[in-house]
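The values are calculated or read from the model by the stated rules, or taken from the named source; none is laboratory data. All values reported here derive from a predicted model rather than from experimental measurement. Methodologically, a virtual Cβ is constructed for each residue, glycine included, from the backbone with ideal geometry; neighbour enumeration extends over all protein chains shown. In case anyone asks, the SASA skips ligands and DNA or RNA and just uses the protein heavy atoms, side chains included. Shrake-Rupley method; radii C 1.70, N 1.55, O 1.52, S 1.80 Å.
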Amino acid sequence: MSAAGSLFPGQVPVSRGIGLTSLRSERSIALIRLVVIAAVAAIYVNSLGIRRALGPTAIVVLTLAALYGVTSLVALAGDQLPSYRMRFVTLVIDILLITLWVQSTGGARSEFWTLYLIVVVSAALRFRLAETLGIALGLTILHVSATIPSGIARSQLIYRPTVMLATGFAVGLLSYQRAEHRRERDTLELLAESREHELGEERAEVERLRRVDLKRSEFVAIAAHEFRTPLAAIIGVMSTLKAHGTAIQADVREELIDGASSQAQRLARLVEDLLTVSRIDDGVLRLHLESVDIRELVNDAERASGTTGRVDLRMHRVDKVVCDADAVVRVLTNLLDNAKKYSPEDSRIAVEITRDELAIRFEVRDAGYGIGLKDREAVFQRFHRLSGTGKPGAGLGLYICRGLIEAQGGTIVADEAAEGGAAFRFTLPRRAVASDDGRGGAITGIAAASATRL
């Protein structure tokens, strides 16, 4: 065991602020203790043969004091602070050694009684004002009690206690003011750190709002473009039919009407996306959970996304899932549409569905150029689009997917496919279905709670 562990068994770790300052004070006291011991020894040795002789008691006391001084200095070399009790014990040892030294060097007539003043100063560095005054008063009583039987002069009986008590009050008051200033400084430092942290958070929030505003402005421009294209087509068809309706051949007129209808559906989907985003943000999304055939969900999504014939479906020990069918079809449609959009033409799209004890797991993989690691979380944010692709879109599809899946108690993530493209995986909790009520099936309490969470 080190010297520190043997001398100060009650050590505690040092933290910033007052703890570190207290450790520095203890180290200063240990150094002062050693310097005083050396000075006392030098003074006493230089006066040998003039006023006194070096007795065996004085030699023992000096030797013990020197060992104690060196040990205490070594013990404080680490980053551990002696406990309050150990500091008080070392103070008592200082008093005991000084008392023995005074008694062995002349008792009441010894000029070394002034060493008690150093003890008072060290007490002020360690303890509070009231404790310092108590220690000074105790030392005064101790010294007076030891010197009265020696027949000390009355002037000394008045002078010494007065000096000791005055020293205790003065250094105690100075130490109190120093501690108060230190506390005020630490408080101001903490306040400054807190304000700096708050400022950092405010800057981050301003930056976040700036990015959101930028993306919103970009979204408005994209939405305006997305609205403008179908509206222009619809207005063009309507104008053409109004001006030349009777002169246009039936098959051409039907083709124009089909084109306008397609553009109107595109416009309706964009409006529906905006309404869904608003419901997700406001927490008012309503879902109806029922038991549905998974294959039908995938078939509906294929037709809606125009990927019929390109999807390789693999299902492992699962055929039904309890979910909001419209929401899941919408999610699958968006994922299949993205796979078609970002993959080589006529490449295959893999859809794999498995289950475990807790969830039904869906995975949609493509053979495109994939999604970078830094974008795999960002793609689910509003208005976010992959840069450098040149693909049209408002950046809402995957945000809506996450909202619809999480509303049903599931999760969705983006990853890298084994084929090198993108892989989107989402889960839906496995839920029990109660007896049929004529509306597609009732759901148990946990499923109902998940359905109305948003």
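Could you please let me know if Gly403 is crowded, with 19+ Cβ neighbours inside 10 Å, part of a loop (DSSP other than H, G, I, E, B), in contact with a Ser or Thr (Cβ under 9 Å, 6 or more places away or on another chain) and modelled with pLDDT of 90 or more? Explain how you work it out, then say what you get.
Details: crowded, with 19+ Cβ neighbours inside 10 Å: yes; part of a loop (DSSP other than H, G, I, E, B): no; in contact with a Ser or Thr (Cβ under 9 Å, 6 or more places away or on another chain): yes; modelled with pLDDT of 90 or more: yes.
No.
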Task: Near pairs, Cβ below 6 angstrom, 6+ apart or cross-chain, from region 334-346 (closer than 14 Å to Ala304 by Cα) to any residue that is of a type in the set (Ser, Thr, Tyr) - done: Leu336/Ser305; Leu336/Thr307; Asp337/Ser305; Lys340/Thr307
Task: Of all residues in region 232-247 being free of Cβ contacts under 8 Å to residues at least 12 places away in the same chain and hydroxyl-bearing (Ser, Thr, Tyr), the one that is most open to solvent (accessible area, probe 1.4 Å) - done: Thr246
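Filter region 358-381 for residues that are among the hydrophobic types (A, V, I, L, M, F, W, C) and either within 25 Å of His316 (Cα to Cα) or touching a Lys or Arg at 6+ places or on another chain (Cβ under 8 Å) (or both) and give the result. I'd like the intermediate steps shown before the answer.
We begin by selecting, within region 358-381, every residue among the hydrophobic types (A, V, I, L, M, F, W, C); these are 358-360, 362, 364, 367, 371, 373, 378-380.
Answer for region 358-381, where residues must be among the hydrophobic types (A, V, I, L, M, F, W, C) and either within 25 Å of His316 (Cα to Cα) or touching a Lys or Arg at 6+ places or on another chain (Cβ under 8 Å) (or both): Leu358, Ala359, Ile360, Phe362, Val364, Ala367, Phe380.
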Open item on the list: Suppose we keep only residues that are in contact (Cβ under 8 Å) with a residue 24 or more places away in the chain and small (Gly, Ala, Ser) within region 363-380. Which one would you say is most open to solvent (accessible area, probe 1.4 Å)?
Closed with: Ala367
Open item on the list: Any residue in region 63-82 that is closer than 19 Å to Arg126 by Cα and open to solvent by less than 40 Å² (accessible area, probe 1.4 Å) sitting within a Cβ distance under 8 Å of a residue that is part of a strand (DSSP E or B) and not β-branched (Val, Ile, Thr)? List the pairs, counting only those 6 or more apart or interchain.
Closed with: Leu81/Pro13
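Residue-wise test of (1) closer than 23 Å to Ala223 by Cα; (2) at pLDDT 90 or above; (3) basic (Lys, Arg).
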residue: Ala304; (1), (2), (3): yes, no, no
residue: Asp312; (1), (2), (3): no, yes, no
residue: Val321; (1), (2), (3): no, yes, no
residue: Val331; (1), (2), (3): yes, yes, no
residue: Pro344; (1), (2), (3): no, no, no
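Condition first: open to solvent by 30 Å² or more (accessible area, probe 1.4 Å) and within 17 Å of Ile371 (Cβ to Cβ). Now tell me which residues in region 339-353 satisfy that. Step through it out loud before you land on a result.
Restricting attention to region 339-353, the residues satisfying the condition of being open to solvent by 30 Å² or more (accessible area, probe 1.4 Å) are 340-342, 344-346, 348, 352.
Scanning region 339-353 gives Lys340, Lys341, Tyr342, Pro344.
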Task: Per-region count, region 108-130, residues open to solvent by less than 30 Å² (accessible area, probe 1.4 Å) and of a type outside the set (Lys, Arg) - done: 12
TODO: Within region 311-362, work out how many residues are of a type outside the set (A, V, I, L, M, F, W, C) and either closer than 21 Å to Leu287 by Cβ or part of a helix (DSSP H, G or I) (or both).
DONE: 12
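Give the residues of region 319-337 that are open to solvent by 30 Å² or more (accessible area, probe 1.4 Å) and closer than 14 Å to Glu302 by Cα, sorted by residue number.
Our first condition is that a residue be open to solvent by 30 Å² or more (accessible area, probe 1.4 Å); within region 319-337, this holds for 319-320, 326, 330, 334, 337.
If the condition is that a residue be open to solvent by 30 Å² or more (accessible area, probe 1.4 Å) and closer than 14 Å to Glu302 by Cα, then Asp326, Arg330, Asn334, Asp337 are the ones that fit.
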TODO: Output the residues belonging to region 7-42 that are open to solvent by 80 Å² or more (accessible area, probe 1.4 Å) and at pLDDT below 70.
DONE: Pro9, Pro13, Arg16
